[in-house]
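This report refers to the structure that appears directly beneath it.
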Amino acid sequence: MSYRIGLVGKPSVGKSTLFNAATMNDVPEGAFPFTTIDPSIGEAYVRTECAAPEFDNTCEPSVGDCKEGTRFVPIKLVDIAGLVPGAHEGKGLGNQFLTDLNETDALIHVVDFSGTTDSEGETTEGHDPREDIDFLEDELDAWYLDILEKGIERYESKQLSDPDPEDILAEQLSAFGISAAEIKQVILAEGYEVTPTEWETDARETLARAIRKRTKPMVIAANKMDTPEAQENWAEITTDPDYEHLSFVPASAHAEKALKNADEQGAIEYVPGDDDFEITAELPDEKAAGLEQIRTFIGEFGGAGVQRALEEAVFDVLGLKAVFPGSASGNWSEGPFRDCFLLPGDATAEEFAYHLHSDIGDGFLHGIDCRTDRQVGADTVLDHRDVVEVISTNQ
Ligand SMILES: Nc1nc2c(ncn2[C@@H]2O[C@H](COP(=O)(O)OP(=O)(O)OP(=O)(O)O)[C@@H](O)[C@H]2O)c(=O)[nH]1
Ligand SMILES: [Mg+2]
């Protein structure tokens, strides 16, 4: 299974531009609202330091790529239609986007930090990006609350048969991929009893928000940071105590796209996400000057931000780790370091075996940590970038 990251935000913030930059697709971009209607899914990559050099080896990735010791591990990125205030009541493109969101594991909220688009995505000046940050969370919460309320109603109507409330709520909220046990955990963690009929409005709103945060963790990509207005807003918003709980990544989808295009054309050598690049061809003055401007920008902000936003979503927010199937003897049946898999942060050696193949999991004997040559047991929780050979009766 591939993890899916959704790009969300109001219209005209640059979701499709960021999607194209990350996936090298060519979906329509435009300076008018609702350029995107149907969602697009593409392959993007997260960076991980390749393990092969530590073993004096060269990797042969079966999917993704490896550039100068940086492994690019595939994930799915989903470009979703813009959403406007009131979407959960059908405004703008209405509920369609909410259905598209269901399929995602985490979100990147793309915010136009330049303040040159209003809350509907129309051109303006001096719009405060904080409004957009608030509205998106509120809109998602309102949507979750609607569904939670439906679950509570169902529970009320079924009370005679005395079902567990969390089971009924889990059924109603199933599209969000949350189990009854997790719902119960959220309720107790917020300090409530598992008695939906007694929850006042406050409790319902708090729970809807808590469930939303758990099932749709989010990173904010502060986009259009190549503009002076965005840089001013950045300085103000990232020091605003009301917003310090959020994770912001400064980004320029334009810069990332320009660099990748120039790399494809052979004009530069650029490893996606890096904070510098090398010019490798004779270029017209104008193009060279444009690239130098981008160089200054990525130098200042530590990269164009597209890669970083994806990686924060995958590694920090979802808490995934990358694990390499290894060979303790150094005899590779199919080529060295072909694969690198993303697994949940708490995945054990046995779960890794099951991830490789259910038969390998069924016959699991033990793992070998290829760096230390030590055995690892079924319940050992693996670390990020572990290199593990699985020994199984079914190989
Ligand atoms: N300056 C600047 N402009 C950008 C950047 N990214 C996107 N834009 C511009 O913002 C406008 C909207 O871009 P889109 O990618 O179509 O925005 P969207 O969020 O997909 O919009 P909808 O599909 O309508 O929801 C376009 O004119 C882009 O060129 C960026 O990094 N910097
Ligand atoms: Mg779009």
**Study point:** Residue ID - nearest to ALA322 (Cα to Cα), chosen from residues in the stretch 372-383 that are under 32 Å from the mean Cα position of the chain (by Cα) and open to solvent by 90 Å² or more (accessible area, probe 1.4 Å)
**Key:** ASP383
Study note, to complete from the structure: THR123 meets each of (1) at pLDDT below 90; (2) within 16 Å of ligand 2 (Cβ to nearest atom); (3) surrounded by fewer than 21 Cβ atoms within 10 Å (Cβ to Cβ) with one exception, condition (1)
**Study point:** Any chance CYS66 is open to solvent by 10 Å² or more (accessible area, probe 1.4 Å), in a strand (DSSP E or B) and not charged (D, E, K, R)
**Key:** yes
Study note, to complete from the structure: Within the stretch 75-87, the count of residues that are open to solvent by less than 30 Å² (accessible area, probe 1.4 Å) and not in a strand (DSSP E or B) comes to 7
Exercise for review: Please verify whether the stretch 198-208 includes one or more residues that are assigned to a helix (DSSP H, G or I), under 21 Å from THR99 (Cβ atoms) and open to solvent by less than 80 Å² (accessible area, probe 1.4 Å).
Suggested key: yes
**Study point:** From LEU365, LEU342, residue being modelled with pLDDT of 95 or more, in contact with a Phe, Trp or Tyr (Cβ under 9 Å, 6 or more places away or on another chain) and either among the basic types (Lys, Arg) or open to solvent by 10 Å² or more (accessible area, probe 1.4 Å) (or both)
**Key:** LEU342
Exercise for review: For PHE337, indicate whether it is at pLDDT 95 or above, in contact with a Ser or Thr (Cβ under 9 Å, 6 or more places away or on another chain) and surrounded by fewer than 22 Cβ atoms within 10 Å (Cβ to Cβ).
Suggested key: no
Check your understanding: ALA52 versus (1) within 16 Å of ligand 1 (Cβ to nearest atom); (2) modelled with pLDDT of 95 or more: which is the lone unmet condition?
Key -> (1)
Practice item. Could you check how many residues of the stretch 9-43 are in a helix (DSSP H, G or I), within 8 Å of ligand 2 (Cβ to nearest atom) and of a type in the set (Gly, Ala, Ser)? Key: 1
Practice item. Determine whether GLU137 is at pLDDT below 95, out of contact with any Phe, Trp or Tyr (no Cβ under 6 Å at 6 or more places or on another chain) and either at positive phi or in a loop (DSSP other than H, G, I, E, B) (or both). Key: no
**Study point:** Scan of the stretch 209-236 for residues that are within 16 Å of ligand 2 (Cβ to nearest atom) and in a loop (DSSP other than H, G, I, E, B), ordered by number
**Key:** LYS224
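For every residue, the table says whether it meets (1) open to solvent by 10 Å² or more (accessible area, probe 1.4 Å); (2) over 17 Å from LEU7 (Cα atoms); (3) within 17 Å of the chain's Cα centre (by Cα); (4) hydrophobic (A, V, I, L, M, F, W, C).
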| site | (1), (2), (3), (4) |
| --- | --- |
| CYS50 | no, yes, no, yes |
| GLU54 | yes, yes, no, no |
| SER62 | yes, yes, no, no |
| THR70 | yes, yes, no, no |
| VAL73 | no, yes, yes, yes |
| LYS91 | yes, yes, no, no |
Check your understanding: Of these, GLN172, GLN159, which one is at pLDDT below 95, among the polar types (S, T, N, Q) and either surrounded by 15 or more Cβ atoms within 10 Å (Cβ to Cβ) or under 26 Å from the mean Cα position of the chain (by Cα) (or both)?
Key -> GLN172
Review point. Is one or more of the residues making up the stretch 89-104 assigned to a helix (DSSP H, G or I) and over 14 Å from VAL8 (Cα atoms)?
Key: yes
Check your understanding: Checking PHE97 against (1) closer than 30 Å to GLU149 by Cα; (2) within 14 Å of ligand 1 (Cβ to nearest atom); (3) surrounded by fewer than 16 Cβ atoms within 10 Å (Cβ to Cβ), which test does it fail?
Key -> (3)
Practice item. Could you figure out which of (1) farther than 25 Å from GLY69 by Cβ; (2) among the hydroxyl-bearing types (Ser, Thr, Tyr); (3) touching a Lys or Arg at 6+ places or on another chain (Cβ under 9 Å) isn't true of TYR270? Key: (1)
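The values are calculated or read from the model by the stated rules, or taken from the named source; none is laboratory data. No experiment lies behind these values; they were computed from the predicted model shown. All Cβ positions, even for glycine, are placed from backbone atoms using ideal geometry, and neighbour counts span all protein chains on display. Side chains included, ligands, DNA and RNA excluded: accessible areas come from the protein's heavy atoms. Shrake-Rupley method; radii C 1.70, N 1.55, O 1.52, S 1.80 Å.
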